[in-house]
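The values are calculated or read from the model by the stated rules, or taken from the named source; none is laboratory data. All values derive from a computational prediction rather than experimental measurement. Cβ sites come from the backbone with ideal geometry, for glycine too, and all protein chains shown count toward neighbours.
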Amino acid sequence: MNNRPLKRYSYRIIANDFMVAGKGSSSIKSNLKSLGIDATIIRRIAIISYEAEMNIVIHSFGGKIHCDIYENKIVLISEDTGPGIKDVDLAMTEGYSTATESVRELGFGAGMGLPNMKKYSDNFEITTGSEGTRITVTVYL
């Protein structure tokens, strides 16, 4: 079996840019629709990609999201630069957030990003350190 994706969509995500936050995940959703992917799968990927994108905007110095389409799965990879997640177990707790007050005033930072990403995925992997965080999520078709 070929380990290369049939298609790859990549989006650069800019830290603290709330004016364009969500555009990457919206583009992913549109691209999946154009490929005829099942609506239930699209909804799951849309939730995962939006949460990933917002986490990059809110908590990092910027990064990228890649959406790889395979015959039997979609793999979403979120990569950002620093500062990393200090306590992954705590960050996976629903409602826990390190978002600033100003971010919360904008309506973000409810502490559901990582829990939602895991909830809507079939496989969820996270690696983090002072250089940044990489989250790989798989949804099977």
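Taking the stretch 1-41 only, how many residues are among the β-branched types (Val, Ile, Thr), more than 27 Å from THR81 (Cα to Cα) and either part of a loop (DSSP other than H, G, I, E, B) or under 14 Å from the mean Cα position of the chain (by Cα) (or both)? First the steps, then the outcome.
Pass one, the stretch 1-41, residues among the β-branched types (Val, Ile, Thr): 13-14, 20, 28, 37, 40-41.
Next cut, more than 27 Å from THR81 (Cα to Cα) only: 37, 40-41.
When the remaining residues are screened for being either part of a loop (DSSP other than H, G, I, E, B) or under 14 Å from the mean Cα position of the chain (by Cα) (or both), the result is 37.
The number of residues fulfilling the criteria is 1.
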- Note on the structure: So, first residue over 22 Å from ARG12 (Cβ atoms) in the stretch 25-42, second residue surrounded by 12 or more Cβ atoms within 10 Å (Cβ to Cβ) and of a type in the set (Phe, Trp, Tyr), Cβ within less than 6 Å, six or more apart or across chains; the pairs are none
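Only one of these is hydrophobic (A, V, I, L, M, F, W, C), touching an Asp or Glu at 6+ places or on another chain (Cβ under 9 Å) and modelled with pLDDT of 95 or more: VAL88, VAL75. Name it.
Details: VAL88 fails: touching an Asp or Glu at 6+ places or on another chain (Cβ under 9 Å).
That would be VAL75, the only listed residue that is hydrophobic (A, V, I, L, M, F, W, C), touching an Asp or Glu at 6+ places or on another chain (Cβ under 9 Å) and modelled with pLDDT of 95 or more.
Given the criterion within 28 Å of SER130 (Cβ to Cβ), among the polar types (S, T, N, Q) and surrounded by 15 or more Cβ atoms within 10 Å (Cβ to Cβ), identify the matching residue among SER49, SER102.
Values: SER102 fails: surrounded by 15 or more Cβ atoms within 10 Å (Cβ to Cβ).
Exactly one of SER49, SER102 is within 28 Å of SER130 (Cβ to Cβ), among the polar types (S, T, N, Q) and surrounded by 15 or more Cβ atoms within 10 Å (Cβ to Cβ), namely SER49.
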- Restrict the check to the stretch 84-95 and report whether at least one residue is touching a residue at least 24 places away in the same chain (Cβ under 8 Å), touching a Leu at 6+ places or on another chain (Cβ under 8 Å) and under 18 Å from MET19 (Cβ atoms). no
- Of everything in the stretch 106-136 that's aliphatic (A, V, I, L, M) and in a strand (DSSP E or B), which residue is surrounded by the most Cβ atoms within 10 Å (Cβ to Cβ)? ILE135
- Flag for ARG12 being more than 16 Å from TYR140 (Cβ to Cβ) and at pLDDT below 95: no
- Which condition breaks for GLY24 when tested against (1) surrounded by fewer than 22 Cβ atoms within 10 Å (Cβ to Cβ); (2) in contact with a helix residue (DSSP H, G or I) (Cβ under 7 Å, 6 or more places away or on another chain)? (1)
- Message: Going residue by residue through the stretch 70-91, is there one that turns out to be touching a helix residue (DSSP H, G or I) at 6+ places or on another chain (Cβ under 7 Å), surrounded by 15 or more Cβ atoms within 10 Å (Cβ to Cβ) and not in a strand (DSSP E or B)?
- Response: yes
